[in-house]
Amino acid sequence: MLRALPDARQAQRCTYSLVRLVWSELMMLIGGIGSRYAMQGESQDWQFALALDRLAGEPDSRLPAPHPDTPYVFLQTLPPETLAAIFPALFRAFLKQRCFDDFRYHGYWLIAIDATWVRSFKYPHCAHCLRQRQADGSIKYMHAVCEAKVLLSNGMVIPLLSEAIENDDPFASKQDCERKAFVRLAAELKREFPRLPICLVMDALYCCGPVLQRCEAKGWQYIIVCKPGNSPTLYEAAKAAAMAGT
């Protein structure tokens, strides 16, 4: 899948393969290395280069690990959607091989939906930033994504799809939000896996009529946290049903 990614570089000027550069950046994330400066120190170890060789499928390259700036610059030329497409393709491969069938929940694939803050700034980073007013009157500018991840009963979590939460119009009266992003994410999830038996797992933010109706329309099951402050009528109905044993 990595070898199929578009490479706009001039081949005669390249020392490192595309696959090696992507794996180098992935190893920085997997290793929890917080900066490219720290990465430079870690990557000098010969065992790092050896692991990179094996992951990239180039066991006899004898190349040192690339400088951390090299994959960083390369990834800026790579369309994000090409990398994002790998996750559903990888999960389809798992489905075909029936790797995780024994870890489903009553035959359903549990898929957690939740938002994650990616970065925040004290200044406008771009026209798509979300804005949040702080207690002191200042504005925090943020980027966030709404993500779908497969939950397995053996403790594994598999990334599946991501939908950016961002403002298309910086002057709009209402910002983009997690629920709006869910609508887009749900549509993409249905397109990618139209017949997959799905059970969504969501927090109390999603405990509302439009979300439930959307799940019902798509034929999905769901497990959603219900709090009295969010949906008092539904909470009382669920409480009464639980007490009645239904």
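Laboratory data are not the source of any read-out in this text; all were calculated from the coordinates shown. A quick note: this is a predicted structure, and the numbers were derived from the prediction, not measured. We place every Cβ from the backbone using ideal geometry, glycine too, and count neighbours over all the protein chains shown.
The table below gives the values:
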read-out: Residues ALA38 and SER153, FRET efficiency given R0 of 30 Å [Cβ-Cβ distance, rounded to 0.05]; value: 0.25
read-out: Reach of LYS227 by Cα under 29 Å, taken over lysines that are not fewer than 8 positions away in the same chain; value: LYS140, LYS149, LYS174, LYS180, LYS190, LYS218, LYS239
read-out: Tensor-based shape of the range 204-246 (alpha-carbon gyration tensor, a/c under 1.5 rounded, otherwise prolate or oblate); value: oblate
read-out: Over the chain: helical MRE at 222 nm, DSSP H runs n ≥ 4 each giving -39500 (n - 2.57), nearest 500; value: -11000 deg cm²/dmol
read-out: Within-15-Å neighbourhood charge of TRP220 [Cβ basis; K, R +1; D, E -1]; value: +3
read-out: Size of charge dipole - the chain - debye, nearest 20, with Cβ of Lys, Arg +1 and Asp, Glu -1, no other charges; value: 400
read-out: Placed amide H near VAL201: partners under 5 Å, 5+ positions off or other chain; value: ILE111, ALA112, ILE113, ILE223
read-out: Mean separation of Cα contacts under 8 Å, 6 or more apart, over the residue count of the chain: relative contact order %; value: 13
read-out: Sum of side-chain charges, LEU78 neighbourhood, beta-carbon under 12 Å (Lys, Arg +1; Asp, Glu -1); value: -2
read-out: Highest-fluctuation residue, ILE30, ILE223, ILE113 considered, GNM on the chain with Cα pairs under 10 Å; value: ILE30
read-out: Point-to-point label distance, LYS239-ASP203, nm (Cα→Cβ direction, 7 Å offset); value: 2.2
read-out: Mean separation of Cα contacts under 8 Å, 6 or more apart, over the residue count of the range 1-142: relative contact order %; value: 18
read-out: Amide hydrogen neighbours beyond the local backbone of LEU161, cut-off 5 Å, H modeled; value: ALA148
read-out: Linear extension gain, ALA8 paired with LEU75, 0.36 nm per residue minus alpha-carbon span; value: 23.0 nm
read-out: Alpha-carbon centroids, the range 121-152 and the range 199-220: separation in whole Å; value: 24
read-out: Length added when fully stretched, LYS227-ASP168, from 0.36 nm per residue minus Cα-Cα; value: 18.1 nm
read-out: The range 143-231, relative contact order in percent, only Cα pairs under 8 angstrom and at least six apart counted; value: 21
read-out: FRET efficiency estimate (nearest 0.05) - Cβ-Cβ, VAL183 to ILE139, R0 35 angstrom; value: 0.85
read-out: Gain on full stretching of the segment that runs from TYR105 to ILE30 - 0.36 nm per residue minus C-alpha separation; value: 24.2 nm
